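Each remark here refers to the structure printed beneath this line.
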Amino acid sequence: MRRLSLWLALLLVCGLAAPGVARAADEEEAEEEEESALGEYGSEVGNRFLMGLNSILTAPADPPMSAVKPDKEFNELPLAVVTKWPVGFVQGAMLMGHRAVSGLLDITFSLLTPMKMLSPEPRFMIFPGVEHEEY
């Protein structure tokens, strides 16, 4: 009888403790998920902010780079030997404007992570570890 009562007491204690242990494990799991979700959000915000800043800082390089190395399509222009460099510079100036404005918008909307990154593919990367988000 004594053994039976000990077994019943053990089962009762384990039965009462199990939900508390399970609840504690669930709370720890939920806390870890919140931390990882917050860390992921912070990483995305930082990535978008740095990509926008990279776009703004590297935008002035677009006109000279497009003039020095114009696109291959400009070889089909009339008198391409002469006209491809000025046309490349104008294209680079327009790309500079686009890159600067989209970089500013990426910085402004960096807290809205579901929104896609607006900056074009960077020509140069200043910040290591920053990745451009593909469309």
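Structure notes:
- Projected label points at Ala61 and Leu38, each 7 Å from Cα along the beta carbon direction, are separated by 3.7 nanometres.
- For the stretch 70-79, the Karplus equation 6.51 cos²θ - 1.76 cosθ + 1.60, evaluated at θ = phi - 60°, returns couplings of x, 4, 5, 5, 6, 5, 8, 5, x, 6 Hz by residue, with Gly and Pro reported as x.
- Within the stretch 77-127, the trypsin sites (Lys or Arg not before Pro) that combine a DSSP coil assignment with at most 15 other C-beta atoms in a 10 angstrom radius are Lys116.
- Shown is the FRET efficiency for Leu111 and Trp85, computed with R0 = 35 Å from the Cβ-Cβ distance and rounded to the nearest 0.05: 0.25.
We did not get these values from a lab; they are worked out from the coordinates using the rules stated. None of the values given here were measured: they were computed from a predicted structure. Neighbour counts are summed over all protein chains in view; Cβ atoms, including those assigned to glycine, are modelled from backbone coordinates with ideal geometry.
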